[in-house]
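The values are calculated or read from the model by the stated rules, or taken from the named source; none is laboratory data. All values reported here derive from a predicted model rather than from experimental measurement. Ideal geometry is used to build each Cβ from the backbone, glycine not excepted, and the neighbour counts take in all protein chains shown. These area figures cover heavy atoms from the full protein model, side chains too; ligands, DNA and RNA do not enter into them. Shrake-Rupley method; radii C 1.70, N 1.55, O 1.52, S 1.80 Å.
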Amino acid sequence: MAIQLHLGDITELNVDAIVNAANPTLLGGGGVDGAIHRAAGPELKAFCRTLGGCATGQAKHSPGFALPARWVIHTVGPIWQGGDQNEARQLAHCYQNSLVLAEEIGANSIAFPCISTGIYGYPADRAARIALDVMQAWTARMQLTVCCFRESDLSHYRARLADGRRAGQ
Ligand code: APR
């Protein structure tokens, strides 16, 4: 199955699991995290209190509560510090660990936001390459969507996917 690109609000997507770009407390924040908590309702924060936080690169799941998605997979992206602090590896771990967890809980479809590219400052084009590198290995197992909130992010993904097609991937 081809990776789907979507421009819009991830909280509206009717998929089995949406991924949240959270912080280590898992207790909410701004950006996509804030939007997910608002749309899911207060039960999400109450549930997340029981999860005991999450380390960078790891993932934990919760119900979606009032969201159309059945589950939320919370992952914590790296804060961009210039690129020599293991950020690329940690970002790849976010995608990989979210996908492993999605498979464990039985999700057949999953939507990712552009993790770390907002408040955490990761350069969007580099992040798109890492996200697609990990996701490409999962296309036979799950329906994958990248949910971009900004047109510019969508352009990065379109360009990367077109490069891949030209290279015969
Ligand atoms: N749907 C989809 N994507 C969204 C939405 C939304 N409703 N709102 C924002 N985004 C996009 C941003 O445009 C960006 O591309 O999500 C991407 C990630 O940005 P952030 O939400 O700022 O996440 P991140 O950079 O990983 O920073 C995480 O932000 O709010 C806090 O608690 C969170 O402290 C953590 C930090």
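Among the residues that make up region 134-147, is at least one of them near the ligand (Cβ under 10 Å from one of its atoms), out of contact with any helix residue (DSSP H, G or I) (no Cβ under 6 Å at 6 or more places or on another chain) and open to solvent by 50 Å² or more (accessible area, probe 1.4 Å)?
no
Restricting the first residue to region 131-151 and requiring it to be assigned to a helix (DSSP H, G or I), which pairs with a second residue that is open to solvent by less than 30 Å² (accessible area, probe 1.4 Å) meet a Cβ separation below 6 Å and a spacing of at least six or different chains?
Ala131/Tyr95; Val134/Ala92; Val134/Tyr95; Met135/Ile3; Met135/Leu144
Please specify each residue of region 40-65 satisfying the condition of being out of contact with any Phe, Trp or Tyr (no Cβ under 8 Å at 6 or more places or on another chain) and open to solvent by 40 Å² or more (accessible area, probe 1.4 Å).
Residues satisfying the conditions are Pro42, Lys45, Ala46, Arg49, Thr50, Gly52, Ala55, Thr56, Gln58, Lys60.
Working only within region 23-57, note down all residues that are closer than 18 Å to Ala69 by Cα and of a type in the set (D, E, K, R).
Asp33, Arg38, Glu43, Lys45
Determine if region 80-87 includes at least one residue that is over 14 Å from the mean Cα position of the chain (by Cα) and among the small types (Gly, Ala, Ser).
Looking only at region 80-87, we keep the residues that are over 14 Å from the mean Cα position of the chain (by Cα), and these are 80-87.
Narrowing the set further to residues that are among the small types (Gly, Ala, Ser) leaves 82-83.
The answer is yes, given that some residue of region 80-87 is over 14 Å from the mean Cα position of the chain (by Cα) and among the small types (Gly, Ala, Ser).
Any residue at all in region 46-63 that's within 20 Å of Asp153 (Cβ to Cβ), among the hydroxyl-bearing types (Ser, Thr, Tyr) and within 15 Å of the chain's Cα centre (by Cα)?
Within region 46-63, not a single residue is within 20 Å of Asp153 (Cβ to Cβ), among the hydroxyl-bearing types (Ser, Thr, Tyr) and within 15 Å of the chain's Cα centre (by Cα).
Taking Asn97 as meeting all but one of (1) surrounded by fewer than 24 Cβ atoms within 10 Å (Cβ to Cβ); (2) in contact with an Asp or Glu (Cβ under 8 Å, 6 or more places away or on another chain), write down the number of the exception.
(2)
Hey, can you tell me all the residues within region 152-169 that are without any contact (Cβ under 8 Å) to a residue 12 or more places away in the chain and surrounded by 14 or more Cβ atoms within 10 Å (Cβ to Cβ)?
Hit for region 152-169 is Ser155, nothing else.
Is it the case, given these coordinates, that Ala127 is of a type outside the set (S, T, N, Q), out of contact with any strand residue (DSSP E or B) (no Cβ under 9 Å at 6 or more places or on another chain), open to solvent by less than 50 Å² (accessible area, probe 1.4 Å) and within 16 Å of the ligand (Cβ to nearest atom)?
Spelling it out, Ala127 is indeed of a type outside the set (S, T, N, Q), out of contact with any strand residue (DSSP E or B) (no Cβ under 9 Å at 6 or more places or on another chain), open to solvent by less than 50 Å² (accessible area, probe 1.4 Å) and within 16 Å of the ligand (Cβ to nearest atom).
The rows are residues; the columns are (1) under 19 Å from Ala111 (Cα atoms); (2) away from the ligand (no atom under 14 Å from the Cβ).
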| residue | (1), (2) |
| --- | --- |
| Ala22 | yes, no |
| Leu27 | no, no |
| Ala35 | yes, no |
| Pro42 | no, yes |
| Gly52 | no, yes |
| Val72 | yes, no |
| Thr75 | yes, no |
| Asp84 | no, yes |
| Leu91 | yes, no |
